[in-house]
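Report on the following structure.
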Protein chains: 2
Amino acid sequence: MTDIYEQSLGLHRERRGKLEVRSKVDLKTRLDLSLAYTPGVAAVSTAIGKDRDLAYEYTLKGNSVAVVSDGSAILGLGNLGPEAAIPVMEGKAILFREFAGIDAFPICLDTQETEEIIHTVKLLAPVFGGINLEDISAPRCFEIEERLVRELDIPVMHDDQRGTATVVLAGLTNALKVKGRTPDGVRVVVNGAGAAGTAIVRMLSECGFGDIVVCDRQGIISRERVDLNPYKRMLSDATNPRGLSGDLARALVGADIFIGVSAGGVLKPDMVRAMAPEPVIFAMANPTPEIMPEEAKAAGALIVATGRSDFPNQVNNVLAFPGIFRGALDNGVRRIGNAMLVRAAQNLAFCVPEPGPERILPDPLDREVAGWVASAIR
Amino acid sequence: MTDIYEQSLGLHRERRGKLEVRSKVDLKTRLDLSLAYTPGVAAVSTAIGKDRDLAYEYTLKGNSVAVVSDGSAILGLGNLGPEAAIPVMEGKAILFREFAGIDAFPICLDTQETEEIIHTVKLLAPVFGGINLEDISAPRCFEIEERLVRELDIPVMHDDQRGTATVVLAGLTNALKVKGRTPDGVRVVVNGAGAAGTAIVRMLSECGFGDIVVCDRQGIISRERVDLNPYKRMLSDATNPRGLSGDLARALVGADIFIGVSAGGVLKPDMVRAMAPEPVIFAMANPTPEIMPEEAKAAGALIVATGRSDFPNQVNNVLAFPGIFRGALDNGVRRIGNAMLVRAAQNLAFCVPEPGPERILPDPLDREVAGWVASAIR
């Protein structure tokens, strides 16, 4: 890992970032200048001034996405501020380009006030066809996404929530195929009740997973807990049907599926052994998973997925977000509904022709995936 | 012109805008993904989290400029709103790329409130190495530029003010060479007291032009006028040394130089005939100049400059803004001072080896110009 870090620092320093803005038109002659800029552009501005929807046809708006962060929850690193978010948002922007041909640009805001973020994104919206929120800490991210979805007329998605949930659902769908099980018959434990955990629970609930228990750092989220914020309170109402209380180890007894969006090393081999036979482990903490795949396998796990590219079954959001926005932009989708994302997850699952324990998700580099995901967003 | 407009609409529709965002790094292998995105990017974010100035080295910040407008004064078209500004800002962005290798991105704000614009630009600043304000109406543009220059630690320039003034000063410098005159001996009339007019007056005053008279739609700006906003009041204090009052025609009697940043057709041949012999006419209203070059020549003008590419002596901001920001970015300039712009104008004037009546400014397509301008900004 140290080597990857050193190489990555070297790459970023050498290139001074990863993204560039280029012209799609020639600027060699006076005529070129007259058409791309003044005086010709006056006709385009005049037309859009009369009908602002023409911006989708005459400008980059129809193909552009803002990748917006406040730097409050950068990867697993925490609150490092807006400048530290730039390399991640640049990275997402080039993935948008490479996998879905989208012109995405990083917007890193120098504020972490909920209302100010909402207001600023609304003021920025005219030039963009969609808004991808990223690395904004919970619980602020919930209100920010909800409000922007409601108050803007372009699609808005917080990728750490709904993009992650889409890929997890796809992976779980294939994991259940491998195990020959259905959603209603399995017990799921989600460890982590932040942005990703909350969104995963919501999506699994909608897809018929009836027995979900959620844990945060204080243990099982139950109705007895008095320390819950409103979002965790909603989770306590919607999950934990058997009324468990206690710690993560307690929650996992007899469980079929562990979904970790928490911290490195928190899942111990003993806990895996206490789960139902041949459990499914999604250990997505980055860069160190909740349990290393070889340890989980040794403790009896049948399927292990992580967020890492150096193990099989990588849960990588790049499988979802480029296609989701491609579909939204191409089909004039103003709100990315959960039903669309469930369909996208199904399409994503189908991209693996024969799922097996080492292959429940497509390769993140598979260029076909985004098109299949996009076709679900309409 | 109709033909140019139709062709421009066709070009914009066919390409869906003019700008694209691309990756500067490969994304073909797992290693590529690991270096450009997770996990490698974590090292870059961590480093910037500790020292935010590293964003200049590791991200696009060191080479990026936001082209910001509120759509309130688009070209000569007026207040058409933020969507209508997109094609112009996209046009500027690709000119930044083509002439100075800068990654510029259009930001079109859905507000025309001075404080809200200032605040929003400040919140956006982390990802940008510079801010180019554009097509924001006077007098709001003065406070917006002044405040952002003072309150941000990256260079900010309102191009309609200071970019235009730089090119005008360069053109005038060569016009005076052609005429064998010096700034202190000439009488100048500036028609138009908006963003461009005000900035031109300020820069000419700093360069020794002692006899400047400014007119707005109500006529000569003098201390007797009671209808002046604070910015015009400042102009009335700094100009009009002979205490003239009356209309534009009155101001022009005996003047050597007319600088129009006003409206098409307002300069009549009779007014040109009333000027000093062989006057210099800058008729920069777009797309229709204050007077057509052939009319001005017929009335005795020696030198005529316009904003148009189909006549000689085009006053085009593309001669200045790419080089100004190139120099600011390369030399770590946090404030673009007027002294730097005066030097830039001198360099720009020197780009014409032998000035003549039909050649007081370089060709806007000359790729050498930006480098000379950049060398002045340090």
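The values are calculated or read from the model by the stated rules, or taken from the named source; none is laboratory data. Because the structure is predicted, anything quoted here is derived from the model rather than measured. With ideal geometry, Cβ positions are generated from the backbone for all residues, glycine too; neighbour counts draw on all protein chains shown.
Kindly indicate which of A:44, A:25 is modelled with pLDDT of 95 or more, at the interface with chain B (Cβ under 7 Å from one of its Cβ atoms), more than 23 Å from residue A:287 (Cβ to Cβ) and outside any helix (DSSP H, G or I).
A:25
Those residues that are acidic (Asp, Glu) and either under 20 Å from residue A:202 (Cβ atoms) or facing chain B (nearest Cβ under 10 Å) (or both), I need them from the stretch A:114-148; list them, please.
Residues satisfying the conditions are A:116, A:134, A:135, A:143, A:145, A:146.
In the stretch A:298-307, is there at least one residue being modelled with pLDDT under 95 and either buried (at least 18 other Cβ atoms within 10 Å of the Cβ) or of a type outside the set (Lys, Arg) (or both)?
Looking through the stretch A:298-307, at least one residue is modelled with pLDDT under 95 and either buried (at least 18 other Cβ atoms within 10 Å of the Cβ) or of a type outside the set (Lys, Arg) (or both).
Scan A:310, A:270, A:237, A:256 and give me the residue that is among the acidic types (Asp, Glu) and surrounded by 15 or more Cβ atoms within 10 Å (Cβ to Cβ).
Result: A:256 is the single residue among A:310, A:270, A:237, A:256 that is among the acidic types (Asp, Glu) and surrounded by 15 or more Cβ atoms within 10 Å (Cβ to Cβ).
Just to be sure before I move on: is residue B:48 surrounded by 24 or more Cβ atoms within 10 Å (Cβ to Cβ) and touching a strand residue (DSSP E or B) at 6+ places or on another chain (Cβ under 7 Å) in the structure I sent?
Answer is no for this residue.
Mind counting the residues in the stretch B:63-99 that are modelled with pLDDT under 95 and of a type in the set (D, E, K, R)?
Here the count works out to 0.
Within the stretch A:114-149, can you find the residues that are in a loop (DSSP other than H, G, I, E, B) and out of contact with any His (no Cβ under 9 Å at 6 or more places or on another chain)?
Result: A:128, A:129, A:135, A:137, A:138, A:139.
Being among the hydrophobic types (A, V, I, L, M, F, W, C), in contact (Cβ under 8 Å) with a residue 40 or more places away in the chain, facing chain A (nearest Cβ under 7 Å) and crowded, with 19+ Cβ neighbours inside 10 Å narrows it down to one of B:33, B:19, B:11, so name that one.
Answer to the selection: B:19.
Could you tell me how many of the residues in the stretch A:86-104 are more than 7 Å from chain B (Cβ to nearest Cβ) and either assigned to a helix (DSSP H, G or I) or touching a helix residue (DSSP H, G or I) at 6+ places or on another chain (Cβ under 6 Å) (or both)?
Here the count works out to 6.
Using the structure shown, decide if residue B:58 is at pLDDT 95 or above and buried (at least 20 other Cβ atoms within 10 Å of the Cβ).
yes
Being within 7 Å of chain B (Cβ to nearest Cβ), β-branched (Val, Ile, Thr) and under 15 Å from residue B:107 (Cβ atoms): is that true of residue A:107 here?
Judged against the criteria, residue A:107 is a match.
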